[in-house]
Every structure is written in structure tokens, then in C-alpha cells.
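All of the numbers you see were taken from the coordinates with simple rules; none came from a lab. Worth saying up front: this structure is predicted, and the values here are computed from it rather than measured. A quick note on method: Cβ atoms are made from the backbone with ideal geometry, for glycine too, and the neighbour counts reach across all protein chains shown.
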Amino acid sequence: MIRARASALRNQPLISITVFVFGIYTAWKLGHWISDGNYQDLAYSAVGLALFAIAFAIARNWRSGFYLFLVWLLFEDLVRKYFGNNMLIYFAKDALAGLTYVALYLAIREGRAKSFRPPFVLIMSLFFWLAALQVFNPYSPSVSYGVLGMKIDFYYVPLIFVGYALIQNEADLRRFLITCVLLATIISALGIVQATAGSQIWSPASLAPDLRELGNLSKVAPLTDQIFLLPSSVFVSTGRFAFFLVLCSILGLGTAGYFVLSGLKGRIVVFASIAIMAVAVLLSGSRTALLYSLFSLIALTILFLWGAPWRWGQAHRLTKALRRTCVFVVLGLALFIFLYPSAASSRWAFYSQTLSPGSSVFQLSDRAWSYPMQNLADAFSSPHWVVGNGTGTASLGIQYVSSFLKKPAPQVWVEEGYGQLIAELGILGPILWILWTATLLWTAWKAIRPLRQTRIFPLAIAILWYAFVLLYPLTYLGLDIFQNFVNNAFLWVLIGILFRLPEIATIQPFVGGLNRKLALPKTC
């Protein structure tokens, strides 16, 4: 110890001189760029410095650094929009995620973090190895497509271990939930502003060609010809914003139920955040976001009441919370409609005209059944439907690989999730997908079932509901929703937290702030 301190003291002058010289050089370089009007290099340097700071925070304390990683994950698209869709910025989150994995691994080895074995890992490994073998499918134009597919489908799976180790107690759980709610509120509010003020808000005057069609979309109400903008908020595409809102709605409801039953402060903030998210869902122009947010509200209300702590007389608090959530949502929507009637009416006209069964332009049955089934049939009409065309050949982002290879992209993509699995992995793909996802949901249900009648159950069932929605109905609509890095990363983090919740419940086994111990079953 004495030698280490002596060595540090001897090296201190050298460190100070190095920092001083680096500071002088940095100041000189910044001044040179500013005087020359070279703001692009200045902006790149600022982004690089931010990434370095996040990487340093992760290496120093991975738990604190992980929250900075979440911020970058959600706001990376905003940076990328202003830097011409720079791919180095796109892959920055992957480097930060990799550093988080390394930091967590070292912490586990040193006994500073807990690890676990996911109970569905064996079944999922079958799907993984099928995808790995399909990288070398002879019908694939290039191995590069396989590398892309493996990265998109599996790179964020280790976040399940990050989520599990992140939550050590209920203080950590509350910190995570509050962070997520605040970030979701900010992004939702920015989307609301963009929907009312125009697409030039939160976007440069000229988007990169690859992003132009994704970020500047409009829709029209078919009967009244009302045109409205589809907001993208901080993201590069309107679809990513819409699917993020589905995640926010589900997690927000679970957080509200948990906060109410735990008697935690900040419940009003959570209710207000849900109201802001509801307005953002209305303005998104996405029927998927609207319907799945509404279905989730109904389903989670039923599940919350089924799992409410009736025996402790606390169920009334949960029903009160559900009632208050609805009140805040209605008030939030009413206030927005009063302030911006034209923005609200154009969206409502589109929803009512295309989703009402009595409308002459009713589209729900076509979009929910006829169109996906036609795409699934198209996948079976491919000559390689038995063995597939290779991992990544029908994945999200194939345009970037084809641009890199300077060759046309494979024409095997279909707009239906299980059809995409057939196009890539052959007939075995959707079979193994259903098998491993069903195993995940079943083992997760077994893990959280003992949490019924506890304060943690609303959050646990909300996470399970999100996993179900993403892995089944949304995947049915398109595999690119699962491959979307925001929804994918949050899925694995939340699954890790879900498997941690039963242990957290036994650390502080009380309901609704009452000093009453819960008798959790010994078996699932």
C-alpha cells in the first residue's frame, strides 16, 4: 500500500504535465476551429468527447455508466440525423454496450455483481445456432448479410445479465424506473412539439438520403383528405418513435401500479407522464401504437386486478391508481384537443375512418390479417423456403450492407415476421422461434407467479406483457419491430430485471408500505 502511494506521488507530476499539455492543445485546436468557422469538426469533437465520457463512466462504475448508455441509446438517432447518417455514430452504441459487457464480466469475476443462468437459454441456443449456420447459406449473396443479421438479432441479448445485476435492491429498481419514465416523457414531449410545429423541429433542413423517407412522412385521412405529419421525435424514423411509445405505455402502467402499492413519492409525476405519452400516441399517426397501447391498458387493468393484494386490503389503492391513470389521460388529451384542435382532429379522422367497421375505407381487417397472410404466402412461394436464403438477407438494415458491397440487396424480404424468418432461415426458423419465445414467456411466468398479491406484481406482469406483445403480435406484423435496437435492447434489460424481481421481493417483503410479510410459495 505504501509503495503504491509512493509510486502514485512520483507519477503525479507527470500526470499533471500531461493533462496540462493536452488541455493547452485542445484549447488551441478549438480556438483554431472556431476562428476558421469549422463548426463541423467542433461538433464531431463534442460528440467524441461525450462518447469518451460515457465509456470512461462505464469502465469506472458500470452501473452508473449504464444509465448514460441508455441516454445515448435513445438519443443517438438525434445526433445521427444532424451528422448525415454517419455509420460511426450508429455503431457507437454497440461499442458502449460491448464495454458494459466487459465491465460487468469483470465485476462478476470479482464478486461485485450477481449472475444467473436464464432458464430458457438451452432452447434459445437452438435458434441461435441455426442462425449462425445460416450465415454460410450458399444462397446468401455475402457473409456480410449474415454478420448483420447476427448482430441485429443477438448482440443485445447479454443485456439480460446487465438488467439482472443492475437491480440489487428496491432503491435500484426505483432509480431505473424513474430514469425510464423521465426519458420517455422527454421523448414523447419532443414528439408532440414536432407534430404541432413541423418536421423541421428536431431535424436538419436536409436529411441524409437514407433517412429522408423515414423521417419526413405524412398521412391523409382517406374520406376528409386531412393531411398530417408523422412525428419521429428524436429518432430517425416515425416507426421507431411509434414502437417506442408502445414500450413506454406498458412500462409506464407497470411503474404506476408499483409506485401506488409501494406508497412511493412521485406517483403524480408518473400519472402525468402517462398522460403525455397518451397524447404522443394520438399524434403518432400510428394505428399500431394506438391499438396496442389501448389493448395494453385493458389487458393490464385486468391482470393488475387479478393479482392485486386483496388479502391485505390494498386492492382499493390499485383500483384508485387505475382510475387516476384514466383521469390523467383523459385530461391530458382534452387539454391538447382544446389547445390544438386541428392537429387532434386530423389524427382522429384518420383513426376513425380506417378503424371503424362501418366506414367505407375500413382497413383493420386487411392490415391485421389479409395483408400479412399474403406476405406469408409469398414467403412459401420462394424457391428456397425450405432451407432459407441466409441470416440477414431479409433483416432490418440490408440497404447499408448492399451499399457497402455495391451490389443490389437480396429480393427475398416480405412484410410479415414469420415470413421473414422463413425467407432467412427456412421452415425451421419460425418453428424454433415459437419454441424459444414460448419457453421464455413460460419460465418468466413461473418466476413471477409467486409475486401475486405483492407490490411488485404490476411491474412484473407489465414486463411479461411487453415481452409477449413484442415477441408474438408485433413480430407477426414484422420482424423489424423486434430487430429495432431500442425495443430489442429494452426487452433484454427488462427480462433480466423480471427474473431478479422475486429475489428483490424477499429482501424487503412488505406490501404497500405496510409492515406485513408476504408468504411467497416455495415453488413456482
Return the long-range amide H neighbours of Q226 (sequence gap of 5 or more, or a different chain), with a cut-off of under 5 Å between placed amide H atoms. A221
In order over region 226-243: 3J(HN,Hα) from phi, Karplus 6.51/-1.76/1.60, θ = phi - 60°, whole Hz, x for each Gly or Pro, gives 7, 9, 9, 7, 9, x, 10, 6, 7, 8, 7, 9, 5, x, 4, 5, 5, 6
Alpha carbons only, please: Rg and Dmax for the chain, in angstrom. 24.6, 84
Short version: ³J(HN,Hα) in whole Hz for each residue of region 456-465, in order, from phi by Karplus 6.51 cos²θ - 1.76 cosθ + 1.60 (θ = phi - 60°), x for Gly and Pro, what are they? 8, 4, x, 5, 4, 6, 5, 5, 4, 5
If you find the alpha carbon centre of region 245-320 and of region 75-111, how far apart are they in angstrom? 30 Å
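Working from the alpha-carbon coordinates of region 89-164, get Rg over Rh, Rh being the Kirkwood radius.
Using only Cα positions, Rg/Rh for region 89-164 is 1.05.
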What FRET efficiency comes out for the pair T224/W369, r = Cβ-Cβ distance, R0 = 30 Å, nearest 0.05? 0.70
Got a sec to turn the phi values of region 245-250 into Karplus ³J(HN,Hα) couplings, 6.51 cos²θ - 1.76 cosθ + 1.60 with θ = phi - 60°, whole Hz, x for Gly and Pro? 5, 4, 4, 4, 4, 5
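Classify region 38-113: rounded, prolate or oblate, from the alpha-carbon gyration tensor (a ≥ b ≥ c, eigenvalue square roots; a/c under 1.5 rounded; otherwise prolate if a/b is larger than b/c)? Each step should come with its number before you reach the end.
Numbers: a/c = 2.96, a/b = 2.35, b/c = 1.26.
Prolate shape, in that a/c is at least 1.5 and a/b is the bigger ratio.
Pairs K151/K407; K93/K265; K265/K320; K81/K219; K81/K151: which exceed 27 Å Cα-Cα?
On the way: K151/K407 21 Å; K93/K265 33 Å; K265/K320 16 Å; K81/K219 22 Å; K81/K151 22 Å.
Listed pairs above 27 Å: K93/K265.
So if R0 is 22 Å, what FRET efficiency would F75 and K407 give, r being the distance between their Cβ atoms, rounded to the nearest 0.05?
Values: r = 33 Å, r/R0 = 1.50.
Efficiency computed from Cβ-Cβ geometry: 0.10.
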